[in-house]
Amino acid sequence: MTMPAPCLVPSPKEVEVSREGVFRLNARTTIVLLSTAPDAAAPDADLQAARALQREIEQSTGLCLPVLRMARPARCDNSILLVSDPQAAAPFLGEAFDWEAVSRRGAEAHRVDIAPQRVVAGGCGSAALHLAAQTLRQIARVEGITWPALRITDWPSLRYRGLMLDVSRGKVPTVETLKQVVDVLSFYKGNVLQLYTEHTFQFPHHPRIGEGCGALSGDDILELDAYARLRHVELMPNLQSFGHCAHILSIPEYAHLAEAPIGWSLCPTDEGTYALLDDLYAGMLPNFSSATLNVDCDETWDLGKGRTAQEAATRGAVADVGRLYLNHILRLHELAARYGRRIQLWGDILLHHPELVSELPDDVTLLDWHYEAADDYPSVRQFAASGRDFWVCPGTSSWNTLFPRIENSNGNIRTLACLGAEHGASGLLNTDWGDHGHYQPIGQCWYGYAFGLEQAWTGGATPDEVFDPRFGRLAFGAPGEAVVATMRDLARLNTLEGMPRPNASQSVYALWDEPLAGESVRVLPPETLREIVRTCTRAEEALCAAMATSRDPVSLEEMAFSARLMAYAATKVAVSQEVRAELQGIAGDGEAARQALRVARERLRALDADLVPLIEEFRALWLRRARYSEMDITLGYYTALRGRYRAVVEWIDQHLAAIDAGQPPSVDLAAYDREGRGHEILGQSFWRRWRELGLAPE
């Protein structure tokens with residue numbers, strides 16, 4: 001019969017339970033790598049897979065099983081045989097294994113056969129062996145010493161299944177953290193990692209670009225690339241090569257390369273742009289073994305509005321934005337080819353100029369990105385109809401919020417995975433952006449990473465209720481199901497009245513916006529605030545209780561901190577609403593007004609005092625996984641908020657002094673609001689400048 005396998009992520013395509021009994025591990029069990037040739041395609045990767053299984057079994061059962069590499073097994077009984085060459089295994093396994101049928105599903109198709117006498121796992125090639133070993137690791141993690149007898153045949157719906165992690169907008173993870181990301185991807189059968197880079201690399205020809213921001217070195221990348229390669233994860237270079245170049249263009253010696261005064265996009269008609277990019281590619285790309293380069297090139301909002309517009313005007317013409325964009329991509333294609341790379345790019349600009357897609361070189365891959373949940377994304381069919389290779393690119397919805405918007409991201413990921421599989425996408429690249437400082441801890445993002453890999457593997461076929469308990473048990477151990485249920489409780493807070501924002505949640509604005517004049521005071525209803533506090537209090541208690549028995553207490557600590565931040569933000573807004581109501585009611589009675597002002601002052605001072613330990617905890621959690629890099633971006637939000645607390649206390653003191661001087665009590669909140677609107681957070685000053693320069697996108 002066929003039935004779903006328990007607790008495997010991603011869900012396998014076929015599971016057969018056709019025999020009774022179990023395979024029971026014991027001290028004499030061996031892990032056998034069947035190998036006949038010393039120059040096998042990936043002997044080191046095969047050994048890494050066997051070692052990972054060995055460690056998993058030891059952690060789960062206490063048994064340290066030997067790993068043996070042999071041309072023929074001394075015995076098959078009581079062995080776990082890992083196969084990458086079915087022909088070498090055939091003499092010992094008989095006719096029972098139709099490896100040819102497995103291989104027809106592709107290079108990553110694999111089989112796991114557990115019988116009471118022995119276990120056989122693998123397929124045709126090193127990738128198949130690796131993936132089969134991950135299945136066994138998950139079985140060992142959950143089942144311990146006794147494995148159910150079953151046969152799994154599995155293959156992915158999408159060839160490339162990966163993650164793009166932003167390492168450029170505030171946070172540069174340590175190499176050890178990046179290795180952990182590789183481990184997570186590998187465990188859940190992902191095979192691509194990109195590190196989104198604007199400036200955080202130590203470019204040998206241009207050292208000032210990565211200076212003072214925790215930039216990764218070539219040596220860091222060489223180490224990470226080798227680590228990932230052994231785990232069948234392709235570390236693909238990623239470097240912004242058009243828009244999103246604000247950091248580079250803010251450095252005086254590169255400012256002349258800007259398209260417009262905003263300093264956002266490189267000017268595509270300046271040959272200095274290509275001299276710079278050539279140097280950057282020359283210093284960065286040789287550290288990667290991958291032949292693919294993501295040049296990004298999204299959101300070039302100022303293109304055709306600056307120097308190129310002026311140059312067009314001198315010819316009596318209007319800048320042809322589409323042609324400017326295409327010509328730049330062709331130059332990048334040429335530059336990348338010089339270093340043996342083919343390119344990918346985000347497809348948003350080309351969606352506005354579909355007539356130009358046919359002029360792209362055949363080996364360019366288009367990346368179709370969307371981050372808001374929807375039942376359909378017509379652009380997938382548009383890219384499919386172009387005949388070009390394309391990937392679908394959803395997001396974890398973990399940025400611009402204090403806790404990931406899981407309801408949104410799950411819908412976003414599942415729909416894109418389903419459409420991608422249906423319409424011929426070759427990959428899914430899940431994204432974890434770092435907008436406005438990358439303050440979100442990675443521990444609360446593992447769920448989104450694994451969910452993306454699940455849906456990429458199954459083609460969007462896995463319901464949340466199937467994924468959640470399996471991921472919880474695998475990621476967090478015995479308390480895992482309760483942990484994920486708590487995560488979903490926290491995530492649902494983002495859907496309450498007043499909380500949803502495009503590509504964001506009001507939660508983070510509630511934390512850092514102006515105490516009395518901030519938007520959150522106006523848009524968040526009291527019941528929403530009360531529910532946030534109630535849910536976050538319960539969640540923090542549940543997460544802290546689970547730490548003692550969880551296999552990942554650090555991530556639980558990070559999520560408990562996010563719950564505290566959300567509760568603090570809701571309390572802050574609730575206090576601000578109550579203070580505003582009290583101050584608006586001040587009139588007539590001087591002593592009553594004096595008392596109301598004093599109470600308001602103390603409540604705001606208490607909020608400021610409560611913020612101090614949260615700031616220190618934020619700093620400690622950040623440094624546990626990341627370089628100091630640009631943590632000051634986020635610390636600046638906290639510092640600015642404390643400054644506003646001081647400002648409002650001073651403003652209240654001024655009113656108290658006026659009452660003491662015999663003036664009639666009155667509070668002009670409208671005047672305070674006008675002054676408080678100068679408090680800008682999370683990109684507000686950035687967009688104000690775009691508007692002031694007349695360059696804001698339509």
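Every number in this text was worked out from the coordinates using simple rules, so none of it is lab data. Keep in mind that this is a model prediction, so the values were computed, not measured. Methodologically, a virtual Cβ is constructed for each residue, glycine included, from the backbone with ideal geometry; neighbour enumeration extends over all protein chains shown.
With axes computed from alpha carbons, what is the tilt in degrees of helix 480-492 against the longest principal axis of the chain, rounded to the nearest 10 within 0 to 90? That works out to roughly 40 degrees.
Peptides 670-683, 79-92, 235-248 ranked from most to least packed by the mean count of surrounding Cβ atoms within 10 Å: 235-248, 79-92, 670-683. Scoring 280-286, 158-164, 417-423 by mean Cβ neighbours within 10 Å over their residues and listing the highest first yields 158-164, 417-423, 280-286. Given +1 at the Cβ of Lys and Arg, -1 at the Cβ of Asp and Glu and no other charges, the dipole of the range 14-154 around its Cα centre is 400 debye to the nearest 20. When the Cα positions of 671, 544, 566 are compared along the charge dipole of the range 543-686, 544 comes out farthest toward the positive end, with charges on each C-beta of Lys, Arg, Asp and Glu.
In straight-distance terms, cross-link reach from residue 189 covers every one of the lysines whose alpha-carbon lies under 22 Å from its own, apart from those fewer than eight places away in the same chain; here that gives 13, 179. Relative to the Cα centre, the charge distribution of the chain, modelled as +1 at Lys and Arg Cβ and -1 at Asp and Glu Cβ, gives a dipole magnitude of about 1460 debye. Between the Cα long axis of helix 590-625 and the first principal axis of the chain there is an angle of about 30°, rounded to the nearest 10.
Per-peptide packing, taken as the mean over residues of other Cβ atoms within 10 Å, places 658-668, 602-612 in the sequence 602-612, 658-668 from highest down. Placing unit charges on each Cβ (+1 for Lys and Arg, -1 for Asp and Glu) gives the chain a dipole about its Cα centre, and among 634, 190, 110 the Cα reaching farthest toward its positive end belongs to 110.
Candidate cross-link partners of residue 305 among the lysines, defined by an alpha-carbon separation under 29 Å and a same-chain spacing of 8 or more, are absent. If you look at the Cα atoms of the range 73-218, you get an Rg and a Dmax of 20.4, 63 Å. Annotation: extensible slack from residue 640 through residue 489 equals 51.3 nm (criterion: 0.36 nm per residue apart, minus Cα-Cα distance). Just need log10 I(q)/I(0) for the range 160-462 at q = 0.07, 0.09, 0.13 Å⁻¹, Debye formula, equal scatterers on the alpha-carbon atoms, no solvent, rounded to two decimals. Debye curve over Cα of the range 160-462, log10 I(q)/I(0) at q = 0.07, 0.09, 0.13 Å⁻¹: -0.25, -0.42, -0.91. I need the shape label for the range 14-154. Rule: rounded when a/c is under 1.5, else prolate if a/b > b/c, else oblate, with a, b, c from the alpha carbon gyration tensor. Rounded shape, in that the Cα axes give a/c under 1.5. Legend: translational diffusion of the range 107-186 by Stokes-Einstein, Rh = Kirkwood radius over C-alpha pairs, 37 °C, 0.692 mPa s; D = 223 µm²/s. The tail of the calculated P(r) for the chain beyond 47 Å holds 25 percent of all Cα-Cα pairs.
Here the simple spin-label model places points 7 Å from the Cα toward Cβ, and for residue 104 and residue 668 these points are separated by 8.3 nm.
Only helical DSSP H runs with n ≥ 4 go in: add -39500 (n - 2.57) per run for the chain, normalise by residue count and round the 222 nm mean residue ellipticity to 500 deg cm²/dmol. Walk me through the numbers on the way to the answer.
Details: 24 runs with 337 residues, N = 698.
Counting only the DSSP helices, I get -15500 deg cm²/dmol.
Computed from the C-beta positions of residue 654 and residue 603 and an R0 of 22 Å, the FRET efficiency is 0.80 to the nearest 0.05.
Normalised by the residues of the chain, what does the relative contact order come to in percent, with Cα pairs under 8 Å and at least six apart? Write down the numbers at each step before the final one.
On the way: 1343 pairs, mean separation 83.0, N = 698.
Reported as a whole number, the value is 12 percent.
The residues 476, 288, 97, when put in order of fewest to most other Cβ atoms within 10 Å, stand as 97, 288, 476. Shown for the range 263-408 is the translational diffusion coefficient from the Stokes-Einstein equation, using the Kirkwood radius over Cα pairs, a temperature of 10 °C and a viscosity of 1.306 mPa s: 93 µm²/s. On a 0 to 90 degree scale, rounded to 10, what angle separates helix 446-458 from the longest Cα axis of the chain? In the chain, helix 446-458 runs at an angle near 50 degrees to the longest axis. P(r) of the range 489-692 in 5 Å steps, Cα pairs, percent per bin? Result, from short to long distances: 1, 7, 14, 17, 18, 16, 12, 8, 5, 3, 1, 0, 0 percent.
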